[in-house]
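What follows is a set of notes on a single structure, which appears directly below.
FYI, it's all coordinate maths here, none of it is from the lab. Just so it is clear, the model here is predicted, and its values are computed rather than measured. Cβ placement follows ideal geometry from the backbone for every residue including glycine, while neighbour counts extend to all protein chains displayed.
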Amino acid sequence: MAGISLLGIPNDDNSSFMRGPAEAPAHIRRELQSDAFNLWTETGVDLGVPGRLADRGDVLFDGTADPWKLIERAVADALDAGAPLISLGGDHAITHPIMRVVRRHQPRLTIVHIDAHPDIYQSFQGNPRSHASPFARIMEDGLADHLLQVGLRTINGHQREQQKRYGVDVLEARACTGDFQLDLHTPVYLSIDIDGLDPAYAPGVSHREPGGLSTRQVINLIQAIDQPIVAADVVEYNPRCDVSNITAVVAAKLVKEIAGMMVMQRI
Ligand code: MN
Ligand code: MN
C-alpha cells in the first residue's frame, strides 16, 4: 500500500497583512516527529509504520519560475504516484494551484473549507492571487462541484454576493454548535485554514478572529468525513505569531488525524 504523501509549500508571497506562513512546514514536521507524542491517531492508525507517511520535502521556489507552476508540478508528481496528498502551507493562496491538479484526478469533488474567512474576494489589494481570493479562482475555474465553507465569521457584503454567485454552501461559526454533520456525496478535498480555529486554541495565525471552532470540533469534523479524502492542505499557520509552539502542535495533530482517515479509507 502506498503511503500518504506530505508536501511542504513554503510560500506566503500573497499574504495581505504579514509574512510568516512560509516558515510553517518545518515547524509542523518538527512536532510530527517529536518524541513528546506517539504517531498513533485517535482512530487507531499507527502512522509510524514504515512507508505510511512519505515526506516529499518542500517545493523549492527559486525566484525565477512562476511559483504556481512549481506548486502544480510538485502536486502532480505526488498525485501521479497514486497516494493521497497532504500539503503543509504556506498561506491560503496555494490552494488554487493545488486544486488545478487535484481536479484533473477527480471528476466529482467537494471542497470542505474550514476558515474564519471566506477567501472569496474577486481580488484583494489588486491581487487576484491574494490569500483572500483563492476560492473565487477555484470556483470560476470550475475546480470543484461543491464548496462547503465551515467556521466563517467575517463575511462582508461583497463576499456574501460572491458566495451566492458561485453557489457556495456556508456553515457559519455561529451555527457550529454541538455536533454537526456534513452532508457529503462525492470525494472530498479538505482545506484547513488554521485561523478557522479560535485563537485561544491556535494563536499562531496572521489574522486572529475570536469566536472560532475548538480543536475538538475540527478533529471531530475530520473524523466524520464519510467520503474519500483525496487530498488536503493545512495552511496559514504563522510561527512568528505562535505562543510556545501551541499552534504547531495543533497543526501537526490535524495532519495526523487527516492522514489517519486517508489510511483507513484505503485499507
Ligand atoms: Mn484562508
Ligand atoms: Mn483565514
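Points to keep in mind about this one:
- Tabulated pairs, the stretch 24-47, first of a type in the set (A, V, I, L, M, F, W, C), second exposed (fewer than 13 other Cβ atoms within 10 Å of the Cβ), C-beta under 8 angstrom, 6+ apart or interchain: Leu39/Asp46; Leu39/Gly48; Trp40/Asp46; Trp40/Gly48
- Meets criteria (over 13 Å from the mean Cα position of the chain (by Cα), touching a residue at least 12 places away in the same chain (Cβ under 8 Å) and either within 13 Å of ligand 1 (Cβ to nearest atom) or surrounded by fewer than 24 Cβ atoms within 10 Å (Cβ to Cβ) (or both)) for Ala116: no
- Among residues of the stretch 162-176 that are farther than 13 Å from Gly196 by Cβ, those with a beta-carbon under 8 Å from a residue that is of a type in the set (Ser, Thr, Tyr) and outside any strand (DSSP E or B) at least six positions away or on a different chain give the pairs Gln162/Tyr121.
- One residue from Ile225, Ile219 being in a helix (DSSP H, G or I) and surrounded by fewer than 21 Cβ atoms within 10 Å (Cβ to Cβ): Ile219
- Residue list for the stretch 144-172, restricted to those being within 16 Å of ligand 2 (Cβ to nearest atom) and within 24 Å of Pro107 (Cα to Cα): Leu147, Leu148, Gln149, Val150, Gln162, Gln163, Val168, Val170
- The set of residues in the stretch 191-215 being outside any loop (DSSP other than H, G, I, E, B) and within 13 Å of ligand 1 (Cβ to nearest atom) consists of Ser191, Ile192, Asp193, Ile194, Asp195, Gly196, Leu197, Val205.
- Residue selected from the stretch 160-190 under the condition of a type in the set (D, E, K, R) and part of a loop (DSSP other than H, G, I, E, B), by the criterion farthest from ligand 1 (Cβ to nearest atom): Asp179
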